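Asker: This is the structure I have questions about; it appears just below.
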């Protein structure tokens, strides 16, 4: 059991780190990778403005500490929203096109396997021949046994899956827009982008200033079609009915007394080519004195800022 002093320490860490962990502070200076499972609709290629809204109870015990989503039936006046905006760029190659590239790669690997097999067979034949007598009449040493093996052929069973790369940009939002978000958070009110806000982001996202310092050392993304969900994602109300899920496991740059891991989950249950909505789950992990997750829940909306890139004409 955690004693009260230890729990108070954890709460203080959570309160201090909470705004920092929610800030859009990821992007250019650290590696990001994506694992895709299944086929995702619609095509996500392009730039997106992602609005995260976490919800906290206003009751005395939770008023200043991040916590889970308020229980069902809690009135709106007892919910404290907290909003943060992010910019994502996503590359998305559908299964049909991605499979063509995988087939080419598979053919190259198979060609290499066959070439290596042929060379090995020729060397084994040479090694098996009886050695010729040396000029001195002495018998030569026995041939060396070849110890290397034949490379394994690529697996012939291929599941259907897209190729997706998710990138969270480490940029400051336009000041006027960020000021709006900060004012709403201070007033404990919900913020949603206006048409003017989205137009501003569409015209300026490429020129937004990178943040001077990032807290993240890497992010490992997963994009999963519903049929590939497992474990808690099939049980959590924020993800169990999602058509697909985008999750990120972010390792944070080490800092004494601060969380070292941030788990981000988006469960997309309302999907269109220009707007994606659903449940949002976040867990901040701290390693001292031992790993303890601080879970938070809410909702998210993804607004498309740029269209899917058009395919280039063949031969160009």
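Just so you know, all these numbers are worked out from the coordinates, no wet-lab data involved. Keep in mind that what you see is a predicted model, and the values were worked out from it rather than measured. Using ideal geometry, Cβ is built from the backbone for each residue, glycine included, and neighbour counts are taken over all protein chains shown.
Asker: What full-extension length gain, to one decimal in nm, is calculated for residue 100 and residue 126 as 0.36 nm per residue of separation minus the Cα-Cα distance?
Answerer: Working: separation 26, 0.36 × 26 = 9.36 nm, distance 3.96 nm.
That pair, residue 100 and residue 126, stretches by 5.4 nm at full extension.
Asker: Let me ask another. Grab the Cα-Cα distance for residue 198 and residue 110, subtract it from 0.36 nm times how many residues apart they are, and report the gain in nm with one decimal. If you can, show how the numbers build up before the last one.
Answerer: Details: separation 88, 0.36 × 88 = 31.68 nm, distance 4.85 nm.
26.8 nm is the gain from fully extending residue 198 to residue 110.
Asker: Subtracting the Cα-Cα distance from 0.36 nm times the residue separation, let me have the gained length for residue 234 to residue 33 in nm, one decimal.
Answerer: Roughly 70.0 nm would be gained on extension.
Asker: Provide the packing ranking of 181-193, 274-286, i.e. peptides ordered by the mean count of other C-beta atoms within 10 Å per residue, highest first. Could you put the intermediate results ahead of the total?
Answerer: Working: 181-193: 14.1, 274-286: 19.8.
The packing order, highest mean first, is 274-286, 181-193.
Asker: Ordered by packing density, taken as the mean number of other Cβ atoms within 10 Å over each peptide's residues, highest first, how do 111-124, 292-305 rank?
Answerer: 292-305, 111-124
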